[in-house]
Amino acid sequence: MAELIDFLQAMTFWHWVILGASLLILELVTGGTTFLLWPAAASFVVGLLNLGGFMNWQADLVVFTLTTAVLIWVGQVYIRPRMKGGDKEHLNQRGSRMIGQVAEVTVDFVNGRGRVNIDDTRWNAISSDQSNLAKGEKVIVEQVEGATVIVRPA
């Protein structure tokens, strides 16, 4: 135990920075789950506080532990949900992103089939109620089946 205390007493700014850099490298190597990011940031904070030379090893450990705990909490509550949000849930599933979008009929529907324009692309479309829609009408995408969208009048 005395060796551990001696080691902790000898830790300087550079030791904490090296620890933080090592944790960041491990974070990158392990796939970026952000688990090691927070202790790395806490290590940099302790290193910066050690530049003044007024902290002892007990204060270093307390600041490191509390900073890591706070950063983990902030990361889980505020940062991780934003990392998972957005279009990532529909990545490589363009069709699922189109559901609910408003489209414009570009070719009159005959027997419930026609073409619509969504964003900058024309799609084959089927009317969900088999109605014949006229060119220029607005429709809402309800479903996507391959390269065909199923729409209903807006």
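The values are calculated or read from the model by the stated rules, or taken from the named source; none is laboratory data. Everything quoted here is computed from the prediction, not taken from an experiment. Note that we place each Cβ from the backbone using ideal geometry, even for glycine, and neighbour counts take in every protein chain shown.
Details
- Of the residues in the range 8-23, at least one is aromatic (Phe, Trp, Tyr) and loosely packed, with under 12 Cβ neighbours inside 10 Å.
- Filtered by the rule that a residue be over 32 Å from the mean Cα position of the chain (by Cα) and without any contact (Cβ under 8 Å) to a residue 24 or more places away in the chain, the range 1-51 gives MET1, ALA2, GLU3, LEU4, ASP6, PHE7, ALA10.
- Leading residue by the ranking (farthest from LEU51 (Cα to Cα)) among those in the range 24-35 that are surrounded by 10 or more Cβ atoms within 10 Å (Cβ to Cβ) and modelled with pLDDT of 80 or more: THR30
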